[in-house]
Amino acid sequence: MLITDVRPWGGEPSDLTVEDGVITAITPHDPARAVTGDTVAGRGRLALPSFSDVHCHLDSTRMGLPFRPHTGAPGVWGMMTNESHPR
């Protein structure tokens, strides 16, 4: 897929090549570039990373362990102590 005429982080107009959901190339915008079915016109808009940070800490997850209901106190400190001292 090609996304044309976007400004990564508000910079210069660029064309982004995307393969399997990953940006694989950033090149200066070329208005003469051929438009195909896999082309999206960015129309000069910003190109920014997602506003969500979806990741997993495998060292602190309970994946593969039996279900345990939440027993920690509210707040970050309560969650941290709950995870470090399972009941």
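Given that just one value was derived from the coordinates, which of (i) 168; (ii) 109; (iii) 88 is volume of the Cα convex hull per residue in Å³? Recomputing volume of the Cα convex hull per residue in Å³ here picks out (i).
Rounded to the nearest whole Å², what accessible area per residue is found for the chain with the 1.4 Å probe?
Details: 7010 Å² over 87 residues.
Per residue, the chain has 81 Å² of solvent-accessible surface.
For R7, the amide hydrogen comes within under 5 Å of the amide hydrogens of S14, R45, L46, A47, counting only partners 5 or more places away or on other chains and with H modelled in the peptide plane. Farthest toward the positive end of the dipole of the chain, out of G78, H29, L2, is the Cα of G78, where the dipole comes from beta carbon charges about the Cα centre. Summed over qualifying helices (DSSP H, 4 residues or more, each -39500 (n - 2.57)) and divided by its residue number, the chain shows a 222 nm mean residue ellipticity of -3500 deg cm²/dmol. Highest-first packing order for the peptide set 22-30, 10-18, 44-52 is 10-18, 22-30, 44-52, based on the mean count of other beta carbon atoms within 10 Å. Taking all protein chains in place and a 1.4 Å probe, what share, in percent, of the accessible surface of the chain do carbon and sulfur account for? That share works out to 62 percent.
Going by accessible area, probe 1.4 Å, with all protein chains left in place, what is the ranking of T36, T4, largest first?
Greatest to least solvent exposure: T36, T4.
Region 31-52 and region 66-81 have Cα centres spaced 43 Å apart. For the chain, the longest principal axis of the C-alpha atoms and the axis of helix 75-84 are separated by about 70°.
Contact order for the chain, expressed relative to its length and based on alpha carbon pairs under 8 Å spaced 6+ residues apart, stands at 26 percent.
Summing charges over neighbours of A32, with a neighbour being any other residue whose Cβ is under 13 Å away from its Cβ, gives -2 when K and R count +1 and D and E count -1.
The values are calculated or read from the model by the stated rules, or taken from the named source; none is laboratory data. These numbers were taken from a predicted model, which means no experiment stands behind them. Methodologically, a virtual Cβ is constructed for each residue, glycine included, from the backbone with ideal geometry; neighbour enumeration extends over all protein chains shown. Surface accessibility is based on the protein's heavy atoms, side chains included, excluding ligands, DNA and RNA. Shrake-Rupley method; radii C 1.70, N 1.55, O 1.52, S 1.80 Å.
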